[in-house]
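**Student:** Before anything else, here's the structure in question.
Laboratory data are not the source of any read-out in this text; all were calculated from the coordinates shown. Source: prediction; values computed, not measured. As a convention, Cβ positions derive from the backbone with ideal geometry for all residues, glycine included, and neighbour counts pool all protein chains shown.
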Amino acid sequence: MQSQVKGIPVNTGIDEESRKKIADGLSGMLADSYTLYLKTHNFHWNVTGPMFQTLHLMFETQYTELALAVDLIAERIRALGYPAPGTYSDYVKLSSIPETAGVPKATEMIRLLVEGQEAVVRTARSIFPIVDQVNDEPTADLLTQRMQLHEKNAWMLRSLLEE
């Protein structure tokens, strides 16, 4: 990933090396978020069974929120002076969330989405050391909000699997 070379350089009080490390971390988070968006949307379309209505609506709420989140993450990468990754091949390389082949049963969908939600939290958490080190409060705020939402989603999904 290369910094923008044309125009006015970014001079916000965070050195270029740190901005690059943060942008790289956010690129992984963007890839995780987009991969989770696709998985959640796929499951929304294909869920069946006795929990259909509940899951169909829950998955829709979650993928709609993720669609907004990827924009916020990409815009933060841009504000740091770097291009945001935006292709499937980028996301396959950067994401920690594997694709799911076929159409799993509803309970497996839920389990996979719990794993995906928690993967985004872990990726966000991994960026905090550099963010804290350089006092990047806007990124810290974004990470905190994302972690809070994904932890809540994981809890709600996990609750559906309890007997």
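**Student:** If you check every pair at least six apart or on different chains, which have Cβ atoms under 8 Å apart with a residue in the stretch 143-163 that is farther than 15 Å from GLU65 by Cα first and a residue that is aliphatic (A, V, I, L, M) and surrounded by fewer than 17 Cβ atoms within 10 Å (Cβ to Cβ) second?
**Tutor:** Here the result reads LEU160/MET51, each pair linking the stretch 143-163 to a residue that is aliphatic (A, V, I, L, M) and surrounded by fewer than 17 Cβ atoms within 10 Å (Cβ to Cβ).
Residue-by-condition table, conditions (1) closer than 26 Å to ASP136 by Cα; (2) buried (at least 19 other Cβ atoms within 10 Å of the Cβ); (3) among the acidic types (Asp, Glu):
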residue: ASP32; (1), (2), (3): yes, yes, yes
residue: HIS44; (1), (2), (3): no, yes, no
residue: MET51; (1), (2), (3): no, no, no
residue: LEU80; (1), (2), (3): yes, yes, no
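**Student:** Let me ask something else about it. Could you tell me whether the stretch 1-19 includes any residue that is loosely packed, with under 15 Cβ neighbours inside 10 Å and part of a helix (DSSP H, G or I)?
**Tutor:** Yes - at least one qualifying residue is present in the stretch 1-19.
**Student:** Also: Out of curiosity, is ALA124 buried (at least 18 other Cβ atoms within 10 Å of the Cβ), in a helix (DSSP H, G or I) and in contact with a helix residue (DSSP H, G or I) (Cβ under 9 Å, 6 or more places away or on another chain)?
**Tutor:** Answer is yes for this residue.
**Student:** LEU72 is checked against (1) among the hydrophobic types (A, V, I, L, M, F, W, C); (2) surrounded by fewer than 18 Cβ atoms within 10 Å (Cβ to Cβ); (3) in a loop (DSSP other than H, G, I, E, B) and fails just one. What number does that condition carry?
**Tutor:** (3)
**Student:** In the set LEU142, LEU157, LEU113, which member is buried (at least 19 other Cβ atoms within 10 Å of the Cβ) and farther than 25 Å from MET51 by Cβ?
**Tutor:** Answer to the selection: LEU142.
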